[in-house]
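Written below as structure tokens is the structure these notes are about.
The values are calculated or read from the model by the stated rules, or taken from the named source; none is laboratory data. The shown structure was predicted, so the numbers you read here are calculated from the model rather than taken from an experiment. Heads up, the Cβs are rebuilt from the backbone with ideal geometry, glycines too, and the neighbour counts pull from every protein chain shown.
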Amino acid sequence: MKQFVATCLTTLLLAVMGPLMALAQNGPLRIEITEGVVEPLPYAVPDFVAESAGAQELAQQIARVVADDLTGTGLFREVPREAHISRITSFGSPVQFADWKAINAQALVSGAVSSEGGRVVVKFRVWDVFAGTELGEGMQFAGSPDGWRRMAHKVADQVYSRITGESGYFDSRVVFVSESGPKDQRAKRLAVMDYDGANVQYLTSGDALVLAPRFSNDGERVLYTSYETGLPRVHVLEVGTVQSRILPGQDGVMSFAPRFAPDGQTVVYSITQGANTDIWAMDIASGGTRQLTSAPSIETAPSYSPDGSQIVFESDRSGTQQLYVMPASGGEARRISSGQGRYSTPVWSPRGDMIAFTKQNAGRFHIGVMRTDGSEERLLTASFLDEGPTWSPNGRVIMFARETQGAQGASSLYSVDISGRNLKRVRTPDGASDPSWGPLQ
Amino acid sequence: MHTGHYISGGAHGVLILWALFGGIFGSDPPDVEVAEVSVVSEAEFTAMMAPQPDTSAAEEPAAMTPPEDEEAAPETPAQEEAPTAPPEPDVAEPDPAPQPAVPEPAPETTEDLAPPPAPAPEVEAPDVAQRPVPRPAPRVAPEAVPDPAPEADVAPEVQETVEESDTAETSDAEEQQATAPEAATTEIITEAEEPARAPTASVRPQTRPNRPAPATEPRETEQTETAPEPAAQEDVEEDTASAIAGALEEALAEPAESPTEGPPLTRSETDGFRIAVQDCWVVDVGSQAANVTVTVAFDMDRSGQVVASTLRMSSASGGDASATETAFQAARRAILRCQGDGYTLPPEKFDQWKSVEMTFNPESMRIR
């Protein structure tokens, strides 16, 4: 009985004193925070200071492109210039952090532009307002007046990198298929543009149907499929000279869906012989080929992992289009997609941790991402027709083509953050499809 | 030596006693059917057996009377017998007797009948309730926030519109614009997950027409009733301020070398501190920094403000140097940005919170 009473008393004491003992502390107060907010980070970009006569307009334009780049990511929100309390009139003057703190700007980008003798110099600094310190060190870029947009993109890349800790993607280009004319007589030609749709330049004339351009990792060459000879054949184009040539192959055999290996020396593509389509690899220098798949089914859309050791591709060997991963040298493939619907056009992320794909299910097309083992599949978009994802050089954004329904339907380019936020259209002069994002320049 | 025997003997004894007195050999009595009965007197029985007039049947002849303009309307035997010999109501299905050549009752008789109860509408409801799908919003936060009113500015605090008034009874509040927090959802909603568009707000029900006002209450009454409130409020505020000042004085009067032991922070005090910081912790869920758990250490002064120079990363895990630095910067911004004029912490427990280690763990944020 005594023991029972003692046990009861001990339990009661523990129940009462336990929480108090837990709350008591000997060292610092320890708190764990597991819930935050997901929202754009407010920042300010006042007009850059014009340090030479005639640089005023350029200073404003560069500041606007920097702001457009940052705000366009969806990760940042610009505090309107009308709300600014302080004005930066000199690049070297101290920053009044209290004024920027008052308008809740967490980061501040200050800059100056000078233009002398056909040479433009842009310099900038990034400030952590609440810490009252500079993020990184000041930097400057110089170039011709024609290249002011690239300089602005480079400034934005630096700002992005210093705040997020990751490389940017603003100073990059996208090769795509420009489309014009009615749907049944649509002219398609290769074009290249800045990541934001500016500076569109055409690479082919439009006499022959072209498909699926793919940048090399250095951005100097483009692989694409052309019907110039009547049958689809893989071509390689030098971006600098706009000269293209057909990759060697057998006459009368269709080759398509090419993509560079990370080293740029090897190309993987599909060849159709009869009713069978397989994946092949070709050494560009020697022209030597190697068959990587041999199943009696359609294997196509190969894409290398960033380290070049594996290839993800689509195959209907199981009855429906699914995604598979195999060694880069060929061999046994393992299926990674497992959901409902048909999967196609897989692309390995530059980070190496995810694969983007097109999915068709229940009459809708989606752009989605999954881990390289097929887990954590997440659909980011949904529409009448979404297809052909391509990764930004930092693996953070996916660009793809979206076509609208109907006889007057047109294709255009969209981008979306891998979190599924910030879905937006990329403005192009004409219709656009088949984007391929090049490297950071 | 004989312990086994004793145990065996005792056990057998218990078994024998249980067999004798435990009813093991007794059999259950046979089942008997029991029916409830009630006693009825002879008079009651006679009354029950006597024929009862059927009131429902008595009303029927009127309904079955053919209209006057109809002539060759044969009368059915049932119609004749109904008034005198009420038949036992036949609840069974009536025989499909030949239809009497009687015209159908006049339509007006059916008007008085209550309509048959309408069948319950079939509702196609799923067996399992679907989880409500959050609506997309530009901000993702631990607590969902509805869209603010269109006329309201976005601000952390909710406040009503205060406009200038000509009346002398206007309160002391300054003119202000209505504000409301920015709309937020609890998770990222992609286009593929976005629910179908539906109205987010319903029309406010219209108020009833105003009844004639009884008698206008004298305005002085309101003034006399409301006038004392500010004074009382001022008293309360003064008391609160004096109490806070007193507590601060006491806290400040403590010698610097006072022992660190003291009353611990309560759960609500700790939660208040945590929530204040987490509202400013911006997590970039798609970045490598979202894989990093970082612990930040810092000191605070008695006003609840962070001593910025003491902010330092005490530990981190889950990412490379760049991602770790980014995670630390985000945590530091959260701590500094939301402190305002100082975090609300009890001054008398300063020793408990003058040094803080705050761990920022974004694990639960990654899949949003």
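Here are a few things to note about the model shown:
- Residue count, segment A:352-370 (criterion: closer than 19 Å to A:Pro302 by Cβ and of a type in the set (Lys, Arg)): 1
- Being outside any loop (DSSP other than H, G, I, E, B), more than 14 Å from chain B (Cβ to nearest Cβ) and β-branched (Val, Ile, Thr) is a description that does not apply to A:Val126.
- Filter pass, A:Val113 being of a type in the set (A, V, I, L, M), touching a Gly at 6+ places or on another chain (Cβ under 9 Å) and touching a residue at least 60 places away in the same chain (Cβ under 8 Å): no
- From the list A:Gly165, A:Gly206, A:Gly197, the lone residue that is modelled with pLDDT of 95 or more, on the phi > 0 side of the Ramachandran plot and not aromatic (Phe, Trp, Tyr) is A:Gly197.
- The single residue among A:Gly395, A:Gly352, A:Gly420 that is surrounded by fewer than 21 Cβ atoms within 10 Å (Cβ to Cβ) and of a type outside the set (S, T, N, Q) turns out to be A:Gly352.
- In segment A:321-344, the residues that are outside any strand (DSSP E or B) and either over 24 Å from the mean Cα position of the chain (by Cα) or closer than 14 Å to A:Thr293 by Cα (or both): A:Gln321, A:Ala328, A:Ser329, A:Gly330, A:Gly331, A:Glu332, A:Ala333, A:Ser338, A:Gly339, A:Gln340, A:Gly341
- Residues satisfying the stated conditions in segment A:159-175, i.e. more than 14 Å from chain B (Cβ to nearest Cβ) and in contact with a Gly (Cβ under 9 Å, 6 or more places away or on another chain): A:Phe170, A:Ser172, A:Arg173, A:Val174, A:Val175
- Hey, B:Arg312 over 36 Å from the mean Cα position of the chain (by Cα), within 20 Å of A:Gly27 (Cβ to Cβ), part of a loop (DSSP other than H, G, I, E, B) and free of Cβ contacts under 8 Å to residues at least 60 places away in the same chain or not: no
- Of all residues in segment B:315-330, those that are out of contact with any Asp or Glu (no Cβ under 8 Å at 6 or more places or on another chain) and either part of a strand (DSSP E or B) or without any contact (Cβ under 8 Å) to a residue 12 or more places away in the chain (or both) total 5.
- Extreme residue, farthest from A:Leu108 (Cα to Cα), among residues of segment B:315-353 that are at pLDDT 90 or above, surrounded by fewer than 15 Cβ atoms within 10 Å (Cβ to Cβ) and under 36 Å from the mean Cα position of the chain (by Cα): B:Thr344
- Residues being surrounded by 14 or more Cβ atoms within 10 Å (Cβ to Cβ), hydroxyl-bearing (Ser, Thr, Tyr) and under 19 Å from A:Val312 (Cα atoms) are represented in segment A:245-258 by at least one member.
- In this structure, A:Ala208 does satisfy being more than 14 Å from chain B (Cβ to nearest Cβ), without any contact (Cβ under 8 Å) to a residue 60 or more places away in the chain and either closer than 24 Å to A:Pro258 by Cα or assigned to a loop (DSSP other than H, G, I, E, B) (or both).
- Test: A:Thr390 is modelled with pLDDT of 95 or more, crowded, with 21+ Cβ neighbours inside 10 Å and away from chain B (no Cβ under 14 Å): yes
- Hits in segment A:80-107 (condition: closer than 12 Å to A:Pro46 by Cα and either within 13 Å of chain B (Cβ to nearest Cβ) or not hydrophobic (A, V, I, L, M, F, W, C) (or both)): A:Pro80, A:Arg81, A:Glu82, A:Ala83, A:His84, A:Ser86, A:Arg87, A:Thr89, A:Ser90, A:Trp100, A:Ala105, A:Ala107
- Of everything listed in (1) aliphatic (A, V, I, L, M); (2) assigned to a helix (DSSP H, G or I); (3) modelled with pLDDT of 55 or more, the single unmet condition for B:Ala251 is (3).
- Meets criteria (farther than 23 Å from A:Asn199 by Cα and part of a strand (DSSP E or B)) for A:Glu387: yes
- Qualifying residue in segment A:353-374 (condition: outside any strand (DSSP E or B), free of Cβ contacts under 8 Å to residues at least 60 places away in the same chain and within 12 Å of another protein chain (Cβ to nearest Cβ)): yes
- Qualifying residue in segment A:95-108 (condition: assigned to a strand (DSSP E or B), under 19 Å from A:Lys154 (Cα atoms) and under 34 Å from the mean Cα position of the chain (by Cα)): yes
- Any hit, segment A:236-255, residues being in contact with a Lys or Arg (Cβ under 6 Å, 6 or more places away or on another chain), assigned by TED's automatic domain parsing to the domain that holds A:Arg290 and polar (S, T, N, Q): yes
- Check on B:Gln352, over 30 Å from B:Ala144 (Cα atoms) and touching a Pro at 6+ places or on another chain (Cβ under 8 Å): yes
- Sole exception among (1) closer than 28 Å to B:Met365 by Cα; (2) in contact with a strand residue (DSSP E or B) (Cβ under 7 Å, 6 or more places away or on another chain) for A:Gly374, by number: (2)
- Matching residues in segment A:394-407 - criterion: being under 30 Å from B:Ala184 (Cα atoms) and either of a type outside the set (Gly, Ala, Ser) or facing chain B (nearest Cβ under 10 Å) (or both): A:Asn394, A:Gly395, A:Arg396, A:Val397, A:Ile398, A:Met399, A:Phe400, A:Arg402
- Candidate set: segment A:408-432, residues that are basic (Lys, Arg) and in contact (Cβ under 8 Å) with a residue 40 or more places away in the chain; chosen: the one farthest from the other protein chains (Cβ to nearest Cβ): A:Arg427
- Breaking point among (1) surrounded by 20 or more Cβ atoms within 10 Å (Cβ to Cβ); (2) part of a helix (DSSP H, G or I); (3) of a type in the set (D, E, K, R); (4) over 19 Å from the mean Cα position of the chain (by Cα), for A:Glu179: (2)
- Unmet requirement for B:Val307, which otherwise passes all of (1) within 9 Å of chain A (Cβ to nearest Cβ); (2) surrounded by fewer than 17 Cβ atoms within 10 Å (Cβ to Cβ); (3) in a strand (DSSP E or B); (4) touching an Asp or Glu at 6+ places or on another chain (Cβ under 9 Å): (1)
- Filter result for A:Val65 (within 25 Å of the chain's Cα centre (by Cα), more than 22 Å from B:Asp279 (Cα to Cα) and outside any helix (DSSP H, G or I)): no
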